[in-house]
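Participant: Please read through the structure below; I'll follow up with questions.
The values are calculated or read from the model by the stated rules, or taken from the named source; none is laboratory data. From a predicted model like this one, the values you see are computed outputs, not experimental measurements. Here Cβ is always computed from backbone atoms with ideal geometry, including for glycine, and neighbour counts include all displayed protein chains.
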Amino acid sequence: MTPLLSARFSVDYPNKPGVLRDVELEIRAGEIVGLVGESGSGKSTIALSLLQLLDHKGGRVRGEILLDGCDLLKLRPREMRRIRGRDMALILQSPLSSLNPVLRIGSQLEEAWRAHNPDARAWKERALELFHLVSLPAEQSFFERYPRQLSVGQAQRVLIAMAILHKPRLLIADEATSALDAITQAETLALFRRLNRELGMAMLFISHDLLSVGSLCSRIAILRQGRIVESGPTREMFRAPRTEDTRALLEAVLRNSSAASEMIPDSDLATLRD
């Protein structure tokens, strides 16, 4: 079966070549894949590369990024704009700063809707449907709010609703839970599981937190200094890590083994300690 996304690419900046080197990613339809790495390892650069959003930073992507067999690196900017938001969508890590502070929530949702759908009347019905799905108030008064009137958790759910407005086949979540408290983070992870289960949406979940990734993803890739040093099924990665980088991450998880037992029930923590 042909994967939904199949990519092998490198990224250079004018004064910093080799920011990413021969990164290989594969995501099947309906699959959740985790990408883990420390700060500065290149995780966000991967997200921006997949959506062809590095131009404003002077980045150059070399290789191929295939979405359903179509090489995104060969598309013209106008063609790529048709794909962003419709076939692939991105959720960033700072929900309140990702929303426009001077526009009401409803206006921002309508703008996102009109980017790919000329029927301006249909956006509200779709938004109310999604608000119900992501556990936000499905009412007109919520559309009238400004981002500053939302909690961080509410703002994150608005971003998620906006990202899935057009039912993309692949959702990229870049540190989407890092700005949240522990309770809201757990709720957001549960929401991602629900979206995957009910909508069949594939996801690339990017995080520095192996515990969250392990609880959500069927496969994991470990990024270290611009290279993917290890990848494989989640359970295998936790039971038998092959590299020192993965072992170091797992040791950090084991320092809080009670949380690990709750978040990763299928992993064999006793085996990991041996």
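Participant: Answer with yes or no whether A122 is surrounded by fewer than 18 Cβ atoms within 10 Å (Cβ to Cβ) and either modelled with pLDDT under 95 or closer than 19 Å to I27 by Cβ (or both). Break it down stepwise before answering.
Facilitator: Numbers: surrounded by fewer than 18 Cβ atoms within 10 Å (Cβ to Cβ): yes; either modelled with pLDDT under 95 or closer than 19 Å to I27 by Cβ (or both): yes.
Against the criterion (surrounded by fewer than 18 Cβ atoms within 10 Å (Cβ to Cβ) and either modelled with pLDDT under 95 or closer than 19 Å to I27 by Cβ (or both)), A122 qualifies.
Participant: Now a separate question. Suppose the filter is outside the structural domain of Q52 (by TED's automatic domain parsing), touching a residue at least 24 places away in the same chain (Cβ under 8 Å), surrounded by fewer than 20 Cβ atoms within 10 Å (Cβ to Cβ) and of a type in the set (A, V, I, L, M); does L136 pass it?
Facilitator: Working: outside the structural domain of Q52 (by TED's automatic domain parsing): yes; touching a residue at least 24 places away in the same chain (Cβ under 8 Å): yes; surrounded by fewer than 20 Cβ atoms within 10 Å (Cβ to Cβ): no; of a type in the set (A, V, I, L, M): yes.
It is false that L136 is outside the structural domain of Q52 (by TED's automatic domain parsing), touching a residue at least 24 places away in the same chain (Cβ under 8 Å), surrounded by fewer than 20 Cβ atoms within 10 Å (Cβ to Cβ) and of a type in the set (A, V, I, L, M).
Participant: Can you tell me which of (1) more than 24 Å from C217 (Cα to Cα); (2) touching a Phe, Trp or Tyr at 6+ places or on another chain (Cβ under 9 Å) is the one I32 doesn't meet?
Facilitator: (1)
Participant: Would you say A173 is out of contact with any Phe, Trp or Tyr (no Cβ under 6 Å at 6 or more places or on another chain) and not in a loop (DSSP other than H, G, I, E, B)? Break it down into steps so the answer makes sense when it comes.
Facilitator: Numbers: out of contact with any Phe, Trp or Tyr (no Cβ under 6 Å at 6 or more places or on another chain): no; not in a loop (DSSP other than H, G, I, E, B): yes.
When the stated conditions are applied, A173 does not pass them.
Participant: Among the residues of region 49-73 satisfying the criterion of being of a type outside the set (A, V, I, L, M) and farther than 25 Å from G30 by Cα, which is surrounded by the most Cβ atoms within 10 Å (Cβ to Cβ)? Steps first, answer last, please.
Facilitator: So the first thing to find is which residues in region 49-73 are of a type outside the set (A, V, I, L, M), and the list is 49, 52, 55-60, 62-64, 68-71.
If we keep only those that are farther than 25 Å from G30 by Cα too, we end up with 55-60, 62.
Working: D55: 11, H56: 7, K57: 11, G58: 11, G59: 19, R60: 14, R62: 12.
Among those that are of a type outside the set (A, V, I, L, M) and farther than 25 Å from G30 by Cα, it is G59.
Participant: Would you confirm whether any residue within region 145-163 is in a loop (DSSP other than H, G, I, E, B), surrounded by 20 or more Cβ atoms within 10 Å (Cβ to Cβ), at pLDDT 90 or above and not assigned by TED's automatic domain parsing to the domain that holds A7?
Facilitator: No, region 145-163 contains no residue that is in a loop (DSSP other than H, G, I, E, B), surrounded by 20 or more Cβ atoms within 10 Å (Cβ to Cβ), at pLDDT 90 or above and not assigned by TED's automatic domain parsing to the domain that holds A7.
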